[in-house]
Structure formats: C-alpha cells, structure tokens
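The values are calculated or read from the model by the stated rules, or taken from the named source; none is laboratory data. Please read these numbers as outputs of a predicted model, since none were measured by experiment. Cβ placement follows ideal geometry from the backbone for every residue including glycine, while neighbour counts extend to all protein chains displayed. Heavy atoms of the whole protein, side chains included, go into the accessibility calculation; ligands, DNA and RNA do not. Shrake-Rupley method; radii C 1.70, N 1.55, O 1.52, S 1.80 Å.
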Amino acid sequence: MTFPLDSPSALGSPARPEALPEVEVTAPLAGRERGIARRYAFLVCGIALFLLATSGAIEMGFEYREARLGIEALQSAQADAGASQIASFLDTIELDVRDVAKLPWGRAGLGDRALRAECHRLMQLVPALTDVQAVQADGRERVFVSRREVDRVGGGRVVPAPDLLAVSAARPVRYSDTFFREDLTPAMRIAVWNGEGAIVATVDLRLLGEALGRLRVGAGGSAWVVDRRGTLIAHPRATEMLRELDLAAFDPVARARRAAEAMPQASDARMLTLGRDPPVPRRRGIDETAIRSGEWRVLPLGDTVGLEGGEVIATAASIDAPGWLLVVQQPRSEALGPALATLRRTLLLIAGGGLVALATGVWFARRMAAPIVTLRRAAHRIAEGDLGATILIDTGDEVEALGRDFNRMAARLRESYSGLEAKIAVRTAELSEARDALQTRAAEVDALNEQLQEQVQELALRKDQAERANAAKSRFLATASHDLRQPMHSISLLIGLLRERVALADPAGLAGMIQSSVDTMERLFGSLLDISRLDAGAVQPRWQEVDLDVLLERLDRTWAPQAQARGLRWVVHRPAHPVRLHTDPDLLERILSNLVSNALRYSVRGGVVVGSRPRGRVRRLEVADTGPGISPDLHDAVFEEFFRAAPAGDAADKGLGLGLSIVRRSAAILGHSVALRSLVGRGTVVSVDVPLSDTPTLNGTRDTEPDEADAAMPAQVSATLTGAFVLVVDDDDMNLRALADVLRGAGCLVATATSADQAVAALDAHLRAPDLLICDLQLDGGGTGLDAISRVRKRLDDPVLPALLLTAQVDLEPATASAARDMAVPMHIKPIGVRRLLLEAAKSLGTGAAQP
Amino acid sequence: MHRAPTIGQKARPFGWVLCFLVIAALSSDHLSEHQPLVLFLGSSAQGDDPAFLSLRRAWLRRHADVASRVRLEQANAVDDGRASLQQSARAAVARQPDLLVAPSAGSAQAAARAAPGTPLVFSTYLDPKGLGLVGSLGVRAERSTGISLADDLHGKRMEILHDAYPAVRNVAVLADHEWSDAIDGEDVMRRATEPLGMSFHLFLADGRDEVLGVLASAEARRYDAWYVPRSLAGVVAWDEIVRRMRDWHTPCIYGSTEEVLAGGQMAYSQDTAFVWSTLADLVARVVDGEPPGRIPILRPHHFVLAIRTGDETGVPLPDPSVLRRADLLLR
C-alpha cells in the first residue's frame, strides 16, 4: 500500500505549478522517518516479548517444578522398590531358614547327616548363604555346612557369636550386625529358633549389590545401602562394598538418620523382628511416601552430594528389619536433563516467537506509522514553505479522512498565503519608504545635535572665560581700590594738616610729601590705565621695523643711572650687527622697561644684564637679575595683577605689582612669547621672543583723578585729644607719619610702630600707657591690626583699652568684622579725613571701648 | 568501474581457513589429548589369545565410549616360562604403556617387576598378597588392582569326592610346581584329606610332556581317585587326563568347571564368568583416572559344583546327595 502525495493540479490548487512537485511517499520512504514507527515497534514488540517471556518463564517454572516432582516420584518409587526388593531378599532367606528350623532335628531319621543334607539343600536354595550352622542351646555347634570350608558334623565347637542364640519361641528370629570377612566381603547372620537351638545362616551381602545393579536409576544413577552404623554394605559396583566405607556423616545418610530420629515410632524392635512385624505397606502413593504418622519409608532428599562426589538428587528408603538405609541417587544434570532440554526448547521457542513478534511488530508498526509519517512529511514541507504538498492515503479509515482534511487545509493555506504575500509586499514597500525618511531625519538630527554640542561646548568655554575674567576684574578692582585708598588717605591727612599749618615755617617739606603721594598715585593710575586699555583692546600695535641696537641703547640710557644708584652692576649686550625686529617699539620698550624695573627692584647685589640672542626666525631678548628668585609654584602667579613678592631692599620700593601683568598683556597683543626661568637664591631670567620682520606702530594716552579735603575740628575734640597718649601702628610709612603728625597737631602724644611686635616694644619704651590705639588692619608679615590691639591690651592687662581700626579693604571678610565687634574696636574704611579721624579718636577716648 | 580488491578482501579467504583450522583443532580430541595405551600381557601369539579376545569383547561391549579413546593392544608374549614372561614384560614396558593388564599370576609378577610405576590390572589364581602384587586386599598404596581367583577349596573338593564316592581312600593329586610352591601343596592336601580318612600322593609336572609321563607311569593307576587343581599341569594336558580317567574308570575332581565342560567328571570351583567383564570394568576405571590402589581386590562369590553324569565318564554316578547339591549337571 502506498501513500502518494498528490500533484496540486489534480486537486485544482491555485498554487504555483513549479512549487507543486509530484511526490509519492511510500511505505519504504516513510520508513526513513523512524520516530513513531520505532515507538510503535518497541511497544508492540515489547508487549509481545514481555508476554512471551512471562508465559515462558511461568511455563518453565512449572515445568521445572513438575520435573522435580516427577524425579522425586520416580526416585521414591525406585527407592521403595529397592527397599522392598532387599526386604524381600531377607524375607526369603528368613523363610527358607525357618523352613529348615521347623523340623524336629535329633529325632529318628532326622539326625546330623539329615541335618547336614538339609543345610546343603538350604544353601542350594539360597545362593547368598555361605555357611549354615545348627547350634545347640548351650552354644555348641552341632552341624556346620559351608561353601568354602569342610563341613563339620557334631564337632561341638563353640559359636563365636552367642548373642545370636538369644532366640526363643517368643523371639524366634534375630539379625546380627553386618560384618566384613577376611576377604573384605560384607556379611550378616540370621538366627532362627528351631525348638532346642538355632539355625544360623551367614549371608553374603555382595548379592545385594547384584540386586541393586538391576535397579535401574538412569544411566548414571545408582542405589546403595548402609547398615544401621552407616557402613556401606551394598553397592552395584562390587569394589565399593569391599572398602568398608563409613558413611554415617555423609550428607544423605545423616539427613535420613535425622529424619528417622525425629520419628520415634520407628522402633528398633520392629527392625529386629521383621518377620513378625505387621506387614509394611509396600506400595503406597507417592504423596504418602514421605512422612506418614511419624513413620517414613521413603524420604526424598532433594539436592545433595553423591557417593562419587558430584551433585545428585537422592531419595532414601528405610529397610526396617535390619535397620538399613537404601539411598537412590542420580546425577542432577542427568535427572534434570529432560527438564533442562524442555527448558532449552522453551527458550528456543520463546526466542523464535520473539523474533517473529519482532518482525511482525516492526512490520505492523511501520504499516501503522506510514500514513502518519506521510502526514508529518507533508506538514513538514508546508512548514518549510512548500505549500504545494498534498497527500493521498487510501487506507479507507479515519486516517484517509484525515488526509483529505489535510489536503483541504493545505489548499486554504495556499490561498491565504497568496493574498498575504501581496499585502506583505505593499506593506514592505511602505515600511521601506518610512524607514528611509526616518533615516534622513535621524541624520539631520544627528547633525543638529553635533552643532548644538559644539555650541554648548563653546558657550561653556566662553562662560568659563567670562567667569574667570569677571573674577579677575573683581580681584583687580578690589586690589586697585585698596592701593588707591592708601595714597588718598595720606593726601587727605596731609591736606588737613596743611590747612592748620599754613602759617608754619616748613610748608616745602609738607608739600614734598604730598607730591610723593601724588606721584605714587600717578604711577598707579598710569599702570591701571595701561592695563585697562590693553584689556579693552584700545591699544593697537604699531608695527615697525625696529633697530634692536637703538632700543637697547635707549634702555641703557634710561636705566643705567638707577642701577648705579642702587649699587648694582648694569650690563647691556648690544648686538654686533644690526638686528631689525618686526614689532611695536613702544610696547616692546614698555615690556623691557617693566622687566628691567623689576630686576633692579628685587636685586640687592650683583647686577642686571640685558641682552639678546638669535633663535631661528626670532630674536630672544632677555633680562637677567641676581635677585632672590621665584619658586616654581609662583611662576604663573607673578603674572597676575598686584602680585608682589617681598622686595629685596627698601620696603618702600616694593612696586605696584602690575609690571608683569602689563608685560603679559603687551606681549599677547604683539604675539610675542614671554618665558620665565628662575632659581630661588640665584636669580631670574625673563625672555621675550621677537620676530625678525616689519611691524606697525602703536600710540596711547594717560588720565588723572581729583583730590578731596576734610572739615575743621571742634574745640571739645581738641580738648579731649590734648595730652592723650596715642600709639599708632601702620606698616605704610607714609600713612604712619601722616597719622602721627595729625595726632600731634591735635595735641596728642604719639608713639608709632609698623608691626605688632614694634607696638609691644614701644610700650616698654614709654613710662606711660597709651590712651588710644590706632591700627591699620593689614600689616606686613601676615599680621593684622586686631592682633596688635589684642597683644597690647594683653600686655597692659587692659582689655578695654580704646582702639580704632583703619582699613582700605572694602570687602572685609565676615570673620574679621565679627572679631572687631567682639573686641569693641570701631573700624573705619580708608580714606578717612583728619576731622573724622580726630572725632573718632576723641569719641573713643571719651567713651572708652564698648564691652563685647 | 573495476576496483582493485583491498587487503581485507584479499585476506578474507585466508581468515576463513584459519578460523576453520582453529575450530577443528579445538574440537579434535586427537590433536589436543594423548590416547592412552593399554597393553595386555597375553599367553599366546597376537590374535590367537582367547583371554585377550575375551577381554576385548567385554571391553567393547561394556565400555565402548572409553574404547574409542583408548588403545587396547596385546603385547607379543608367550607364557612358556618365567624368563620369557619377564622378557615379554620388559618389551611391553618399552612401549610406554599407560596401563598393563596381566591375566595370570606369572604375567602379573613379571609386569610388576618390569614396571613398578605403571598401573597394573591383574587376574590371578594365586593369592596376590602371596605373590607380592599387593600388600592388602583393601585400599593400599600399590598402583595395581585386579581379581584374585585364589581359592582354598582343596578340602572342600576332597569332601565332595568323599561324599560322592565314600569308598575312595587314596587320591592322586596332579599339579605343577608353581601351584605347589605357592600354597605348599603337600601341607594343604594333608589337611584336606586327613579329616576324611584319606591319603594322597602329589604328582608335580610342568608341561604337557611331564603330565603325560605321570599318566603313563604304572603308579598312576593305583589310586582310587584323582584330583586336578587349577594349575598349568591341568591346562596343558586336560584332554589326556580326561581320556585316562575314563579309560581307568577312576573318579576325578577338577579345580575348574572348564574341565568338566571339556569331558571331565566333576569339579567344584569359584564361578569365574565375571572375570573378563570385571577386568574390562577395572581397566575403564583406571583409564578414567581412578587410582588403582583405591579399588579393592575382587573375589568371586559364586561357587559351582559341576558333575557330568553320562556314561562317557567311565565311572559310576556319584552319591545322590552330591548330585542334589550340584549346580551344573551334564548328561
């Protein structure tokens, strides 16, 4: 049976013809799909094999059990027959002896000769007898007949086994124990009461072996007999009987003996009086043979050890009269041979049945799975995109209906797929356009983002620059304000003093001091103006070709006198050949002048050297001094506005702190690079690289500012101040002298100091304690006016000593203001006029210090 | 397209042949096992020895399975004297037999002397202990076993002779020297005859000529009866003895039933019919690996009184009481 895949044309499918190949799925093809077929095969074969194996195992188990039962039954019958045969053997002998013993021997006609003849007849009848004796009651032999020895008649010989003669009318028969003769042959005696004595017959037990030899126990089986002591007395093989083997502890004998001991009814008396015992049931059912009413005749022993040492199946049978035991044994392999053969045949049948079941199961499973596999393969083709796959199943059952449904489903799927493809194409094109537009927008957004990022970065940079410039400007204004207030303060004081002393004889000296303050203000305002112009971009370079030699000559003329005045060596290295620089001569000269001014200011000894050296396309101009040097961490700070290092010589000539700022700004306008090299304790070299080319020129202007004056002093104030001792502390000598003069003019006694140390020292130099302290806030060496006031008060032990604090700082730190209030020290911002100063001084003297 | 055979394809036939040879070698007992040799020390030339033929018949009948893997052969020996027996035994031992079978006392002694280490199965009419073949009739150390046909029935035979012919007083005994030496014939016969009131004369003859000489002597005819025990003297001239007894009308009792079957008057002996089958059994057991020393010496347990009652005996019938005791009557 085949399961073809129909061509779509046959079904009238609208699918593409090239996508609908004709494919037939036959059973062998479906066989390559082994999943479900294998499962079916495993299931069918497993069930069949399980049933076969189970039934086979059960059958084999029953067969084995039946075989064992059969063997036991057979052996029981054999043992029973053997035991019966032996018992019959002994019974026959006993009866024959009884037949001899019954005659009245000794009467007339029954003398010794007749008795001898009768004994010969007895032995003729019983071949097993070797000797027959007629014994008198006193134990003396009357007649002896033998097969080996010469007969004796009337000899009177004493019988060697008198116990045998303990027979009587009540106990007419007695069996002796078995014994072995000189030639090792086993024998026993039977004594029968004859009325006045006994007839004793000696039995050669080797004939029992012959009887047992006729008992067929299979090909390799045998039967053997042990006596009541367990000695082997009969065996089919004559040599075994001659060994006098003691088998009392041998497994089958011991087991049988234990069974006998467990049966007390098996009395010895019956064993010894077999002839008088009730007849033993000779033929009984196998089921009854084992144990019945405490008496057993046949006992199946099952698996045990054979006399030859191998594994045997044995059965024991008791021979009651002599107390013997017959054991029938058969090799286990032989006994179970038929059963094992049956088992082997059963196994072969199971194996054969299993193979048939396997083949049938595989065939059946593949046949069952074929249509399903066909469906699965067709579904797989559809899943892979081949919608033309259809199938034809002609099983005539539900599977065939399933195939038809599948084909209808495939056709519907093809139709849906066709419409879906068109829709997908349209949607795909729309999505492609949208995607392109999105990509374009995304590119534009990216560009805008980049621009915005750049602008943000530039804005942040400019903001940072603006913040830095604003901070610098604030710092500049604060510093400039402070520095401007100092000379203004001096001028204010001096002008007030000048009004009071206009009639005095030394107006020229006073005017000189005022002139000095004004000069300082002029220089300061000049520098500030230069910086302002430079920062505002009002200074435009005037590029010219400048002769370096002329420039250096002018510097030499300008600064040589000052160097000589300071006692410094002054050297200017002028070029040997003409050097033309492309720069603004005025700005360059300003740069060099600032550098030389600083060099002279900070050099105490040694000298200042000005020179130049070629550096490629530029000329490096250098100004070197032998000043204290600048530590590396200050190399950038020295170019900041109002940065002033400690001057080397006179403290009054410490500069404005604007020179290097002007140098940096001017060099920046000219595009000249400025470099500073310095070693602390050795000196400093500042260099300017000037290009060797033409440059334009630059011009500039300077401005000045107006003064101010104080009002007239009241008389009450003058009275308060007159005679007051005032200690003035200020690190600015000009201010210090102006304050002292103003206070002296008001009638005060004045002591001066430039620092807190000097103030404390001044206390020791005067006998009188000061009535008022007037201190500048900022003192040299890092000290403050508050420190000085505190130390003086502490020195005088007068915490409320009146004091005034003057400062030029307009942006006081909150901590400083708070400390002044705590110390009850009024603080006044410079410049303060003479009138106000005196009013405040008088006020402090009149009111004392406020309590904190 | 033709493709050259690979090495595996070329070697495949050789592989099958090799497998066949290996299987054949493993399944062949002849290639892997030694075939034991059992040598029978006969008393006549090969092929004619009735004893060997009897043994071989019993051997093949009772132990055909063992016979297929054991070579039972007769050694070329002629029992015509001790020296020749010894020589024959040495020649047989030179063939390195696995087992020797000696059917007589002489051959057994010769075999025991020539090959004390070779297992021996024997049958002898003399006591094997007396011959030195075994130290005991039970389990023992010697590597020999067998059948002892030695009997002590001389007195019994004299008793039967006396019961059969109560008038007999003088009995002539004919045997060979070996018999007499082995059992001390004079003493044995004296103890056998004196209780019965009889006298005897012992004639010892070795070989047929000596037996004929004894029978031809005038003295031979003076005895009331003759007794011929089992010895070489009775075997080599049994026909002449039977003829003379018939001619003389003199009763005679023999030591074996064979003489009665051959024409003699009567005999009382052990039944030796079991000898050849038992010898075959013993050979099979030893060949199968059972130590000979573990096998006790077998003795006959049947006794046969055979009497010929026909006129050809030339003597009157024995007493009826004896006839009634007879196991075998030949008319």
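Worth pointing out:
- None of A:Gly607, A:Gly567 is in contact (Cβ under 8 Å) with a residue 24 or more places away in the chain and surrounded by 18 or more Cβ atoms within 10 Å (Cβ to Cβ) except A:Gly607.
- Only one entry in B:Ala225, B:Ala164, B:Ala192 is aliphatic (A, V, I, L, M), within 14 Å of chain A (Cβ to nearest Cβ), touching a residue at least 60 places away in the same chain (Cβ under 8 Å) and crowded, with 22+ Cβ neighbours inside 10 Å, namely B:Ala164.
- Single condition B:Glu259 does not satisfy, out of (1) at positive phi; (2) open to solvent by less than 50 Å² (accessible area, probe 1.4 Å): (1)
- Segment A:221-270, residues that are of a type in the set (Gly, Ala, Ser), at pLDDT below 85 and not in a loop (DSSP other than H, G, I, E, B): A:Ala238, A:Ala259, A:Ala260, A:Ala269
- Any hit, segment A:276-292, residues being at pLDDT 50 or above and out of contact with any helix residue (DSSP H, G or I) (no Cβ under 9 Å at 6 or more places or on another chain): no
- If you go through segment A:768-802 and pick out every residue that is touching a His at 6+ places or on another chain (Cβ under 9 Å) and under 15 Å from A:Phe725 (Cα atoms), you end up with 0.
- The condition of being open to solvent by less than 40 Å² (accessible area, probe 1.4 Å), more than 10 Å from chain A (Cβ to nearest Cβ), among the β-branched types (Val, Ile, Thr) and in contact (Cβ under 8 Å) with a residue 24 or more places away in the chain holds for only one of B:Ile297, B:Ile307, that being B:Ile307.
- Those residues of segment A:795-844 which are small (Gly, Ala, Ser) and closer than 25 Å to A:Ala480 by Cβ, in sequence order: A:Ala808, A:Ala815, A:Ala817, A:Ala820, A:Gly833
- If you go through segment B:316-329 and keep only what is open to solvent by less than 20 Å² (accessible area, probe 1.4 Å) and either more than 14 Å from every other protein chain (Cβ to nearest Cβ) or β-branched (Val, Ile, Thr) (or both), you end up with just B:Val322.
- Conditions (1) open to solvent by less than 30 Å² (accessible area, probe 1.4 Å); (2) more than 14 Å from chain B (Cβ to nearest Cβ); (3) among the aromatic types (Phe, Trp, Tyr): number failed by A:Phe144: (2)
- Where a residue in segment A:815-844 is in contact (Cβ under 8 Å) with a residue 24 or more places away in the chain and in a loop (DSSP other than H, G, I, E, B) and its partner, wherever it lies, is open to solvent by less than 50 Å² (accessible area, probe 1.4 Å) and polar (S, T, N, Q), with Cβ under 6 Å and at least six apart: A:Pro831/A:Ser492; A:Gly833/A:Ser492
- Residue in segment A:418-437 that is more than 30 Å from A:Leu534 (Cβ to Cβ), in contact (Cβ under 8 Å) with a residue 60 or more places away in the chain and open to solvent by 60 Å² or more (accessible area, probe 1.4 Å) present: yes
- Considering only residues in segment B:126-152 that are of a type in the set (D, E, K, R) and under 15 Å from the mean Cα position of the chain (by Cα), the one that is least open to solvent (accessible area, probe 1.4 Å) turns out to be B:Asp151.
- Within segment B:264-282, considering residues that are more than 13 Å from every other protein chain (Cβ to nearest Cβ) and in contact with a strand residue (DSSP E or B) (Cβ under 7 Å, 6 or more places away or on another chain), the one surrounded by the fewest Cβ atoms within 10 Å (Cβ to Cβ): B:Ala267
- When A:Ala170, A:Ala256 are screened for being crowded, with 17+ Cβ neighbours inside 10 Å, among the hydrophobic types (A, V, I, L, M, F, W, C) and more than 13 Å from every other protein chain (Cβ to nearest Cβ), only A:Ala256 passes.
- Residue check, A:Ala761 open to solvent by less than 20 Å² (accessible area, probe 1.4 Å) and of a type in the set (Gly, Ala, Ser): no
- Hey, A:Pro127 within 14 Å of chain B (Cβ to nearest Cβ), more than 60 Å from the chain's Cα centre (by Cα) and either within 24 Å of A:Glu244 (Cβ to Cβ) or in a strand (DSSP E or B) (or both) or not: yes
- Residue match in segment A:47-59 (condition: under 60 Å from the mean Cα position of the chain (by Cα) and either closer than 28 Å to A:Asp204 by Cα or open to solvent by less than 40 Å² (accessible area, probe 1.4 Å) (or both)): yes
- Matching option when the condition is of a type in the set (Val, Ile, Thr) and not in a helix (DSSP H, G or I), among B:Val242, B:Val315, B:Val283, B:Val260: B:Val315
Here is a yes/no grid of residues against (1) open to solvent by less than 50 Å² (accessible area, probe 1.4 Å); (2) over 28 Å from A:Arg475 (Cβ atoms); (3) modelled with pLDDT of 85 or more:
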site	(1), (2), (3)
A:Asp780	no, no, no
A:Leu786	yes, no, yes
A:Val792	yes, yes, yes
A:Asp822	no, yes, yes
A:His828	yes, no, no
A:Leu837	yes, yes, yes
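- Qualifying residue in segment A:183-203 (condition: open to solvent by 10 Å² or more (accessible area, probe 1.4 Å), touching a Leu at 6+ places or on another chain (Cβ under 9 Å) and either within 10 Å of chain B (Cβ to nearest Cβ) or hydroxyl-bearing (Ser, Thr, Tyr) (or both)): yes
- Qualifying residue in segment A:70-85 (condition: loosely packed, with under 14 Cβ neighbours inside 10 Å, hydroxyl-bearing (Ser, Thr, Tyr) and away from chain B (no Cβ under 14 Å)): no
- Any hit, segment A:116-123, residues being in a strand (DSSP E or B), more than 9 Å from chain B (Cβ to nearest Cβ) and in contact with a helix residue (DSSP H, G or I) (Cβ under 8 Å, 6 or more places away or on another chain): no
- Matching entry among A:Gly218, A:Gly155 (being away from chain B (no Cβ under 11 Å) and in a loop (DSSP other than H, G, I, E, B)): A:Gly218
- Verdict on A:Pro300 being more than 18 Å from A:Glu334 (Cα to Cα), in contact with a strand residue (DSSP E or B) (Cβ under 8 Å, 6 or more places away or on another chain) and either modelled with pLDDT of 90 or more or surrounded by 14 or more Cβ atoms within 10 Å (Cβ to Cβ) (or both): no
- Residue-level check: of (1) free of Cβ contacts under 8 Å to residues at least 12 places away in the same chain; (2) of a type outside the set (Phe, Trp, Tyr); (3) in contact with a Pro (Cβ under 6 Å, 6 or more places away or on another chain), A:Leu727 misses just (1).
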